[in-house]
Structure formats: C-alpha cells, structure tokens
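Okay, structure first, notes after.
Only the coordinates and a few stated rules stand behind these numbers; no lab work does. In this text the structure is predicted, and so the values were computed from the model without any measurement. Heads up, the Cβs are rebuilt from the backbone with ideal geometry, glycines too, and the neighbour counts pull from every protein chain shown.
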C-alpha cells in the first residue's frame, strides 16, 4: 500500500509534536500547521496530500472556515475533523461541509490511523475514477471508445 501523506493542523504545539511522532512511527508522511491559514499555504505547496487532520477550535481561522476553503480549492482532499470541544451540531456541520469523519480528542492513535487509511483510500479511489472518466471521454471524443 502507498504510504499516506497527511497534514496535522492544530494550534496546540505539544499535541502536534506528540502526534507527528506517533504517526511518523506508523509509516505516515506527516507535515503540520499551527493555524488554518498556515494549513492552506502548505496545502498549496503539497497538492498530493491525502488527508488533513484538522482541529475545530483554533484562533483566527477556525476548523470549519478552514474546511470550507479546503473543499472549495481541493475537493478531493479528505479532511478528518478533530476536537476536544465536540458537539453533535459541529459534527453535522463539518460533515455537511465535506469532512470525511469527526473524532474527539484525545483520540486513540490506532483509531486515527484507521480513519486516515480509509480516507486516503477514498481519495485515491476518487482520483482513479476521475482519470478513468477522462480517458473514456478522450477516447469517445476521438471515436475510438
């Protein structure tokens, strides 16, 4: 299996440092950001990201605003919302905006790994479907399909 490439976005520096170590040990390629704005800048430079693990509560640009911008610019990128302040309402709102899933902090590393793997697979499957559709269209346009 291809090693998932993820970005962890959270304003709590000790949490980010701990999770980056844990996820890197599990064969994930991990980058991180400490704000929504920084995450969007890094996403512009790392368009091959599979999954973003995004904290809900952050100063300036919160997780919902960041999720909305990610999905507008990079609809295939999967986002797992992560929060210590979760409500059913925020989970529903995140899912409506296109989040893949929603996990509560502190979250079990193995559970997060499972969700990251599932989300990365979904992203790659969707990318493959788009490529296949493009090939069919080209073949059809040239009368060979």
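Quick look at the numbers
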{"item": "Of 121, 96, 42, the one that fluctuates the most in a GNM where the chain has Cα springs shorter than 10 Å", "result": "96"}
{"item": "Projected label distance in nm at residue 129 and residue 109, using a 7 Å step from Cα toward the beta-carbon", "result": "3.3"}
{"item": "The chain: angle of helix 63-73 to the longest principal axis, Cα-based, in degrees nearest 10", "result": "20"}
{"item": "Cubic angstrom per residue, convex hull over Cα atoms of segment 5-141", "result": "108"}
{"item": "Angle in degrees between helix 109-141 and the longest Cα principal axis of the chain, rounded to the nearest 10", "result": "20"}
{"item": "Folded to 0 to 90 degrees: helix 36-45 orientation relative to the chain principal axis, Cα", "result": "30"}
{"item": "Whether segment 4-45 is rounded, prolate or oblate, judged on the alpha carbon gyration tensor where a/c under 1.5 counts as rounded", "result": "oblate"}
{"item": "Among 124, 47, 22, residue whose mean-square fluctuation peaks in a GNM of the chain (springs only between Cα atoms under 10 Å)", "result": "47"}
